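Data block below; observations after.
No value in this document is a laboratory result; all are computed from the given coordinates. Worth saying up front: this structure is predicted, and the values here are computed from it rather than measured. Here the Cβ positions follow ideal geometry from the backbone for every residue, glycine too, while neighbour counts run over all protein chains shown.
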Amino acid sequence: MAKKKPTVKPLPTLIKKNDKVEVIAGKEKGKTGKVLRVLRDKNRVVVEKINMIKRHTRPSPTSGQGGIVEKEAPLHISNVMLICGKCTEASRIKKTQLPDGQWARTCKKCGELIEG
Ligand SMILES: [Zn+2]
């Protein structure tokens, strides 16, 4: 069976939903937030309260009153870094195999296991 080729090559990433990340590039640099969504096929992540954009909505029977809605715009995955819970700063993460064969993420700096 032929598999459909993705249009964007997914970059290897260890970032997952609910991770705490720091923005390392762009206008939101230095801000931290929780990952709400990972868009693997687009190499982008949506981070809570980061990269907010204003959307104008028209009044309609379904959405009720129109107005301005603020929502998060996706950031490129290379612009965020996972925050280690022990170092409490953005650090490089590596994949480590546990004695039980499971793969886990650990901080390269302190070696602490990262939950999730
Ligand atoms: Zn650490």
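Taking every eigenvalue of the Cα gyration tensor of the range 20-85, multiplying by 5 and rooting it, what semi-axes result, largest first, whole Å?
28, 12, 10
Test of the criteria: in the range 11-88, which GluC sites (Glu not before Pro) are in a DSSP loop and have at most 16 other Cβ atoms within 10 angstrom of their Cβ?
GLU48
How large is log10 I(q)/I(0) at q = 0.15, 0.17, 0.22 Å⁻¹ when the Debye formula is applied to the Cα atoms of the chain, each weighted equally and without solvent?
After summing over all Cα pairs, the log10 values are -0.76, -0.89, -1.18.
Taking 1 over the mean of 1/r across every pair of different Cα atoms in the range 58-116, what Kirkwood radius in Å do you get? Working shown, then result.
Values: mean 1/r = 0.0675 Å⁻¹.
After inverting the pairwise mean of 1/r, the radius is 14.8 Å.
Taking Cβ-Cβ under 4.7 Å as the only way to count a partner, pick out the unpartnered cysteines of the chain.
CYS110
Can you find, among SER91, SER78, GLN102, the residue sitting farthest towards the positive end of the charge dipole of the chain, where Lys and Arg contribute +1 and Asp and Glu -1 at Cβ?
Going by the charge dipole, the pick is SER78.
For the pairs LYS3/LYS42; LYS4/LYS42; LYS17/LYS42; LYS31/LYS95, flag any whose C-alpha to C-alpha distance is greater than 20 Å.
LYS31/LYS95
Could you check the simple spin-label distance between LYS3 and LYS34, using points 7 Å along Cα→Cβ, in nm with one decimal?
Once both label points are built, they end up 3.3 nm from each other.
Under a crude label model (7 Å from the Cα following the beta-carbon direction), how far is LYS27 from HIS56 in nanometres?
1.8
Counting only trypsin sites (Lys or Arg not before Pro) that are in a DSSP loop and have at most 10 other C-beta atoms within 10 Å, tell me the longest site-free stretch of the chain. Don't skip to the answer; put the middle values down first.
Numbers: sites that count: LYS3, LYS4, LYS27, LYS29.
That gives 30-116 as the longest site-free run.
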